[in-house]
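A.B. asks: Please see the structure below; I have some questions.
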Amino acid sequence: MEGRRRRATKPGMTAAFHIRRASPADAKILAQLRYEFRVELDPPSEPAHIFRERCAEWMSEQLDRDGRWSCWLAVLGETPVGTLWMQLIEKLPNPNGHRDYHGYISSVYVVPEFRNAGLGSALLQTCISEAEMFGVDALFLWPSARSRPLYARHGFVVREDLLERR
């Protein structure tokens, strides 16, 4: 699915989009998208330029490392308008056939004016397909109330056996 051109499905939107894997060279735009995503949820506690610099450095390092973090961009025309990150988490070996990794999906974001056009689904499906090829045992994430229907359409369910401590 990665790289294939598709048409956005939002009424009035006719541009083709594609999903591609992000690289360290994308760190600045990824940091900007991360900033936009997070300030929609909570007011920032540091100046935007400081966050973007700090975040871009981290993202560049992670994307240049051992492949534990992957990121995909939804690109409309030539403009990145969405992103999704996945971290592979190695599990302890199992004698019963369980696969060796979990996938943690994070920072799923589509620029507001391009939402509800299929970009989030395309990002998610690209991630799921790659996780399946890699042999990930389970994918997990923390959805917002607004995003729950998207994840449900892609087979995610609420679990009763997970505990969290903050």
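The values are calculated or read from the model by the stated rules, or taken from the named source; none is laboratory data. These numbers were taken from a predicted model, which means no experiment stands behind them. Here the Cβ is made from the backbone with ideal geometry for all residues, glycine too, and neighbour counts use every protein chain on show.
A.B. asks: Does region 2-26 hold any residues that are surrounded by 14 or more Cβ atoms within 10 Å (Cβ to Cβ), at pLDDT 85 or above and closer than 24 Å to Q125 by Cβ, and which are they?
C.D. replies: Answer for region 2-26, where residues must be surrounded by 14 or more Cβ atoms within 10 Å (Cβ to Cβ), at pLDDT 85 or above and closer than 24 Å to Q125 by Cβ: F17, H18, I19, R20, R21, A22, D26.
A.B. asks: With farther than 21 Å from Q32 by Cα, among the acidic types (D, E) and either crowded, with 17+ Cβ neighbours inside 10 Å or within 18 Å of the chain's Cα centre (by Cα) (or both) as the only criterion, which of E130, E90 stands out?
C.D. replies: Selected residue: E130, the only one of E130, E90 that is farther than 21 Å from Q32 by Cα, among the acidic types (D, E) and either crowded, with 17+ Cβ neighbours inside 10 Å or within 18 Å of the chain's Cα centre (by Cα) (or both).
A.B. asks: Can you run down the residue pairs with Cβ atoms below 6 Å, 6 or more apart or on separate chains, where the first is in region 111-129 and in contact (Cβ under 8 Å) with a residue 24 or more places away in the chain and the partner is in a helix (DSSP H, G or I) and surrounded by fewer than 24 Cβ atoms within 10 Å (Cβ to Cβ)?
C.D. replies: Pairs found: G120/L150.
A.B. asks: What tally of residues in region 74-107 results from selecting those that are over 22 Å from G135 (Cβ atoms) and either in contact with a Ser or Thr (Cβ under 7 Å, 6 or more places away or on another chain) or of a type in the set (A, V, I, L, M, F, W, C) (or both)?
C.D. replies: Looking only at that region, the number is 6.
A.B. asks: Let me ask something else. Return the residues of region 119-134 that are of a type in the set (A, V, I, L, M), under 20 Å from R99 (Cα atoms) and at pLDDT 95 or above; say none if nothing qualifies.
C.D. replies: Answer for region 119-134, where residues must be of a type in the set (A, V, I, L, M), under 20 Å from R99 (Cα atoms) and at pLDDT 95 or above: I128, A131.
A.B. asks: Which residue, of P149, P112, P143, is under 12 Å from the mean Cα position of the chain (by Cα), over 21 Å from R21 (Cβ atoms) and modelled with pLDDT of 90 or more?
C.D. replies: Going through P149, P112, P143 in turn, just one is under 12 Å from the mean Cα position of the chain (by Cα), over 21 Å from R21 (Cβ atoms) and modelled with pLDDT of 90 or more: P143.
A.B. asks: Residue check: is G77 more than 16 Å from the chain's Cα centre (by Cα) and more than 27 Å from I29 (Cβ to Cβ)?
C.D. replies: When the stated conditions are applied, G77 does not pass them.
A.B. asks: A further question follows. Test D100 against the stated conditions and say whether it is in contact with a helix residue (DSSP H, G or I) (Cβ under 8 Å, 6 or more places away or on another chain) and over 21 Å from R38 (Cα atoms).
C.D. replies: No, not satisfied.
A.B. asks: Would you tally the residues in region 103-114 being closer than 17 Å to L41 by Cα and either crowded, with 16+ Cβ neighbours inside 10 Å or hydroxyl-bearing (S, T, Y) (or both)?
C.D. replies: Residues flagged as closer than 17 Å to L41 by Cα and either crowded, with 16+ Cβ neighbours inside 10 Å or hydroxyl-bearing (S, T, Y) (or both) within region 103-114 amount to 6.
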